[in-house]
Amino acid sequence: MTMVRRRMLAAAGTVVVGAVVNVTTGMLTQSWSLAWFLCTAVVVVVGAGLQAWLTVAERTAAGGVGAARRQQLVDLEVEGGSVTQRMAGPGEQTARRLRVTGDVRQEQSG
């Protein structure tokens with residue numbers, strides 16, 4: 001299951017849980033303002049929890065252990081040529097203290 005599907009499922013599940021809390025509270029207490037308040041609180045808390053959990057799961061799936069990926073070029077000297085730095089997927093690319101007579105390109109996909 002892709003992350004987009006997981007997020008859609010989490011959002012739909014949050015709305016369903018909030019609606020159940022709303023109807024149940026309203027039927028039991030006949031205080032609909034309390035029911036709407038509890039419904040909103042449940043949607044916010046459950047939705048935030050699910051989205052945080054999915055964000056951590058997504059980061060773990062992309063990087064293996066949840067750590068940010070990083071690629072660096074430091075103190076590089078190239079005469080008569082170009083430098084291309086490529087990274088597939090999410091992460092950070094940096095280039096510092098370079099001397100290149102041609103082009104410096106950074107490419108990232110994903």
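Each value in this text was obtained by applying a stated rule to the coordinates, not by laboratory testing. Everything numeric here is computed off the predicted structure, so don't read it as measured data. Note that we place each Cβ from the backbone using ideal geometry, even for glycine, and neighbour counts take in every protein chain shown.
Under a plain spin-label model, where a point goes 7 Å from the Cα along Cα-to-Cβ, how far apart in nm are GLU79 and SER31?
Here the answer is 8.2 nm between the modelled labels.
Hey, how many Å between the Cα centroid of segment 77-110 and the Cα centroid of segment 32-60?
What the calculation gives is 41 Å, centre to centre.
What does the extension gain come out to for THR60 and ARG96, with contour length at 0.36 nm per residue minus their alpha carbon separation?
On the way: separation 36, 0.36 × 36 = 12.96 nm, distance 2.81 nm.
Once the chain is fully extended between THR60 and ARG96, it gains 10.2 nm.
If you compute percent of Cα pairs over 21 Å apart for the structure shown, which of (i) 40; (ii) 60; (iii) 37 do you land on?
Among (i) 40; (ii) 60; (iii) 37, the one calculated here is (ii).
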